[in-house]
Structure formats: structure tokens, C-alpha cells
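The values are calculated or read from the model by the stated rules, or taken from the named source; none is laboratory data. Keep in mind that what you see is a predicted model, and the values were worked out from it rather than measured. Cβ placement follows ideal geometry from the backbone for every residue including glycine, while neighbour counts extend to all protein chains displayed. Calculation scope for accessible area: heavy atoms of the full protein, side chains included, ligands and nucleic acids excluded. Shrake-Rupley method; radii C 1.70, N 1.55, O 1.52, S 1.80 Å.
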Amino acid sequence: MRGLAPLLALTLLSSCEEERQPPATFLFELLPVSGSLADARRAGLTDCVSHNVEMRCRKEGLFFRRHGPFSAAVDLGGGDGAGGFDHLTLWHSSDQSALVAVTNDLRSEGWSECLTPSGADWKGKAIYQQRGSPVFLALDLTYWDRRSLTLFRAVPTNIPACRAHGQAG
């Protein structure tokens, strides 16, 4: 009977864990922006590593808006990836300006650019939006190793506050 107590405690603790539902599947220009582990794997992000509380799945050689090849990753909730992912991150391992070509194209297509305040949660990002677009993009301006561009669903409550490029702040 004494040996059952630890087993019972572990069973009760595991039953208290919240059930994680992955975000709805969403693709933008054939790239996975949100979804489940199965969605990530269907998109070719199959090089997955668990970090106990989250899982990262990667793919090499991805193209976005005629530019690339880039490395890509999604970060999934839970060590088993059951919580799904809500953004896609792109980077180039040796050319820091490769993503600037993408943002130049966005601006030429009418996307607006604004910069996040320095003290904000989104510190050091250039945000790209276009009216009616289902996504917004965030370019990391404070990179140390590799600059990254992240695609998010354009849910109004998720879009960070920022000021137009060149505006005093």
C-alpha cells in the first residue's frame, strides 16, 4: 500500500495538467504560420528537438517571396509538441541582409513598416503590416548571431504597438 502513494500522487498531478489545444491550422503563401505538430511535419518541418517544455521543429532550404533559401522553425508548446505553434521564424545562417531583401519587397508592395519602442516586450523589431493581410511580420533588429523574420497571424490583439519608421519617439 505504501508503494502506491507516490504513484497515486503522480497520477493526480498529471491529471491536473491543462489540456493543450493547438492553434487552428493557418498557411500564408504555403508556409505554416500556426497549427499542430502534424501540420508542421506536413510542411516539412521534421527536424524536431524537445526541450522539456517546448519542441522546436526545423527545415532547411525554404523560400519566401522568391527569396532564400532560408532556415525555418516553429516552436511548439509542450515537450511533445501537443500545444502546437503560433508563428514561423525564418533566418539565413550566413547572410544577415538576406531578409532585408524580403522586407524591401514588402515595402514596395505597400506594406507599412513601424518600429517597436525600445522598452516594450517586442523591443527592437520592425513590424510589417498590410491592410487586409491575414499576417504581420516582425524583423529582429537587435540580432547578435542571426537576424530573424517571424510571421504571425494578424489578430489585432497580437499586433504590437509601434511608431512609423523615422517618427520621433
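Under the condition of being touching a strand residue (DSSP E or B) at 6+ places or on another chain (Cβ under 6 Å) and open to solvent by 10 Å² or more (accessible area, probe 1.4 Å), the residues counted in segment 79-88 number 4.
Out of curiosity, is Leu76 within 28 Å of Ser133 (Cα to Cα) and either modelled with pLDDT under 95 or open to solvent by 60 Å² or more (accessible area, probe 1.4 Å) (or both)? So Leu76 fails the test.
Would it be correct to say that Thr89 is at pLDDT 95 or above and among the hydroxyl-bearing types (Ser, Thr, Tyr)? Against the criterion (at pLDDT 95 or above and among the hydroxyl-bearing types (Ser, Thr, Tyr)), Thr89 qualifies. In the set (1) in contact with a Phe, Trp or Tyr (Cβ under 6 Å, 6 or more places away or on another chain); (2) open to solvent by 50 Å² or more (accessible area, probe 1.4 Å); (3) among the hydrophobic types (A, V, I, L, M, F, W, C), the condition left unmet by Phe63 is number (1).
For segment 40-54, the candidate set comprises residues that are in contact (Cβ under 8 Å) with a residue 24 or more places away in the chain and open to solvent by 20 Å² or more (accessible area, probe 1.4 Å); within that set, the residue that is nearest to Leu99 (Cα to Cα) is Cys48.
With respect to (1) over 20 Å from Arg20 (Cα atoms); (2) among the basic types (Lys, Arg); (3) at pLDDT 95 or above, the lone exception for Arg56 is condition (1). Among the residues of segment 43-65, the ones that are out of contact with any strand residue (DSSP E or B) (no Cβ under 7 Å at 6 or more places or on another chain) and more than 24 Å from Ala82 (Cβ to Cβ) come to 1 in all.
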